Every structure is written in structure tokens, then in C-alpha cells.
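Have a look at the structure below before the remarks.
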Amino acid sequence: MPFRARSPEARPLAGTPDAAAVKHRALELGADLAGIASAATLNAFPPDPRWPQTPERISPYVKSVVVLVQRIPAGAFRAKSTVPEQYMDMLVLRKMDKVAYRLADELERLGHPTFVTAAQETDWSYKRASYGRLSTRHLGVEAGLGTLGLEVNILTPEFGPRVYLTGILTELELEPDQRITEQVCIGESCSRCLHSCPPNAVLHWGIDKRGCATEAQEFGFMTMLQFMDKVIDAPAGERTGMLQRRDFYGFWQGLLRVVGSFGDCPRCLAVCPVGNDYHAHLAEVHKEIPEKTPEKVSIQKRFKEARKHGADMPGLSPWNVRWVGEEGYKGIVARQLQEFKKRQKEKARG
């Protein structure tokens, strides 16, 4: 099973490590969760067969993918602005890169060619440059670390969607972890991600990526290109003023500190009730959702009816349900909450 506990840092890997040793070492180095997916399985089940995000497209020799999860500290989701969370994103990604590199280096020193993929990347040959060479969300599901939510973020039982993931591709064959077949996301009866989404981009087990990007990538690459087109086409007398606007400063800050270039809107992450971090630090702060409207509630009702009557839904097709959880929702969040309350009472007594 995936490893979900941390140990003090110990000596590097030695000999021919097995799956348990590799995951244990990942946690020693600082990962919050670690799991393993089979490259053969990932090759056989790409998220979208029309645009296969598979290890074999990167290297035909890869046998296993070690998947690391790094949580985003919940305190950032309690702030009044999105800037603290955006800056924490950058720090989390930097830490995860270091952990992944050290693990890859140790495996290769033992004779197993290994390399790390970027957690946030774009392959220009995929869907007009909106997808990376691998989908880290799907890597996490295949490695037994979570399932996809209504808005198709990966939801881990421990931290909900407040995580980043990366993959370490290795030619060492390791025993893969089993997928979670129980749906981690509460689903249509919750719909808090739908209620909180400013551009109303949450679909029925899907996401309107263009709509999401208007908030999530305020100063992203496409926004930058659109702005520069306007600058080039503007009369000479107006260009200086345009380059002194907030937009231009935002692009500079996005390049320097990631702020605003992606993850600019954390609303669906902040309000998701999955995860012990939500119960401990976010439930009270995000109990009410200001963005909730009668129109969104109406959409939620349509989603519930469609699910109840087994309507044809692309997000829950026989192919996609693999990553959502074939068994459906069985109360994992309620069980977690009860366990959390039990520990809180024990802590208070102690």
C-alpha cells in the first residue's frame, strides 16, 4: 500500500531496494505521501487515449513510476488574499523537486536509470499546449494515493486536493500499489467546489479549462501573449502607459515568483471538506461560501438527478470512472471526521 507516514532521515538506499524501501526513503527525504504505479498500467490506461500522456512516450525503458505528494500548508488557505497560497505553491514545488531529485539520484547510483518529470509542465503537441507529458493527477490515482473529485483535482484522504504531485520514472521494476476504488470525493451531494468557483467552471466530473484559467492563471502564459498583442497593436503614444499598468507588473511577478501564473484561484481547494487538514484548520473558516448562488444550486440539483438516474456523463464513462472510484462514495469523509473528533477529545483529556 502507499506510504503515509514520515520517519527521521536515515541512510540512502542500498542494494536492490524493493517498493517498501523506496517509499520509506521518499518519506524520510520529506515527501508527505508516496506510492508506486506500474508503467505498463499507465501505458495501457492513458487519461485520454487521443492524447496519450504515457511513460512510453517519454522513455520505452521505464518500468515503474514513483509518485510523491507534497501538501500545501492549510494556513495559506485562511489568508484574506490569494498571494500567500500562491507563494506557498512555489515553495512546495521547490521542495518536492529536491526530494524527487535525491531519490532519483540514489536509485541511479544503485544501477537503475531514473529521472524526474516536472510537476508543472506543458507539451506543445498536446491539445493546444494545455497538457503535460504526464498527468500527475492520474499518476496519483494509479499509485493508490487518491481519486479524482467533481472538479477533477485529485483528492487524497489526508489532505484533500491541497497537494502537488510529481513522478519519478525508473527502470527498476517495483511492486505497484493498488488503486483506491472507493470514491474519495463526496460528489454531487456536496458540490462545494461548484458553489465556490468564481467563473462557474466546474462541470459534472470535469472542468471548463478555459473558464478556470480566467481566475487560476490571471498572469499566465496565454494572458501574457494576449496583453503583448494589445501592446504591439496600440498607438505608440499609449504603449508606455500600458507597460506601466498592473498587468505588466503581474507578469514580471509571475515569472519571478509564480504568483498569478498558475494556481491563482484556490477556492475549490480551500472549501473541499476532504482531508484531516480541512477538519483541523479550514472547516470553520470556509463553512459559508460567498460565491454560492441559486443558479449554482440548480446546477447541483441537475447533477444529482443525472447521477441518480444513470444519465450518460462523459466524466463518469466506463473509461473515466476508473479514476473517480468505481464503488462510488461510501462515507470516507464522515469516517475521517469521526476519527478526527475522537482524537481531538483524547487530546483534550490528555
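The values are calculated or read from the model by the stated rules, or taken from the named source; none is laboratory data. Keep in mind the model is a prediction, meaning the values are calculated, not measured. Please note: Cβ atoms are built from the backbone with ideal geometry, for glycine as well, and neighbour counts cover all protein chains shown. Quick note on the areas: whole protein, heavy atoms, side chains included, nothing else; ligands and nucleic acids left out. Shrake-Rupley method; radii C 1.70, N 1.55, O 1.52, S 1.80 Å.
Could you figure out which of (1) among the acidic types (Asp, Glu); (2) surrounded by 12 or more Cβ atoms within 10 Å (Cβ to Cβ); (3) at pLDDT 95 or above isn't true of residue 295?
Unmet condition: (2).
Condition test on residue 65, is it over 18 Å from residue 106 (Cβ atoms), β-branched (Val, Ile, Thr) and open to solvent by less than 10 Å² (accessible area, probe 1.4 Å)?
Judged against the criteria, residue 65 is not a match.
When you go through (1) among the basic types (Lys, Arg); (2) at pLDDT 95 or above; (3) open to solvent by 60 Å² or more (accessible area, probe 1.4 Å) one by one for residue 308, which number turns out not to apply?
(2)
Confirm whether residue 212 is open to solvent by 10 Å² or more (accessible area, probe 1.4 Å), modelled with pLDDT of 95 or more and in contact with a Cys (Cβ under 8 Å, 6 or more places away or on another chain).
Values: open to solvent by 10 Å² or more (accessible area, probe 1.4 Å): yes; modelled with pLDDT of 95 or more: no; in contact with a Cys (Cβ under 8 Å, 6 or more places away or on another chain): yes.
In short, no.
Mind checking whether some residue in segment 227-242 is surrounded by 19 or more Cβ atoms within 10 Å (Cβ to Cβ), at pLDDT below 85 and either of a type in the set (S, T, N, Q) or over 22 Å from the mean Cα position of the chain (by Cα) (or both)?
There is no residue in segment 227-242 that is surrounded by 19 or more Cβ atoms within 10 Å (Cβ to Cβ), at pLDDT below 85 and either of a type in the set (S, T, N, Q) or over 22 Å from the mean Cα position of the chain (by Cα) (or both).
Condition first: out of contact with any strand residue (DSSP E or B) (no Cβ under 6 Å at 6 or more places or on another chain) and modelled with pLDDT of 95 or more. Now tell me which residues in segment 1-21 satisfy that.
17, 18, 20, 21
Mind checking whether some residue in segment 40-50 is open to solvent by 10 Å² or more (accessible area, probe 1.4 Å), of a type in the set (Ser, Thr, Tyr) and part of a helix (DSSP H, G or I)?
yes
Would you be able to tell me the number of residues in segment 300-326 that are touching a Ser or Thr at 6+ places or on another chain (Cβ under 8 Å) and closer than 15 Å to residue 188 by Cα?
5
Going through segment 162-207 one residue at a time, which ones are more than 19 Å from residue 70 (Cα to Cα), open to solvent by less than 10 Å² (accessible area, probe 1.4 Å) and among the polar types (S, T, N, Q)?
Listed by number, the residues that qualify are 170, 183, 191, 196.
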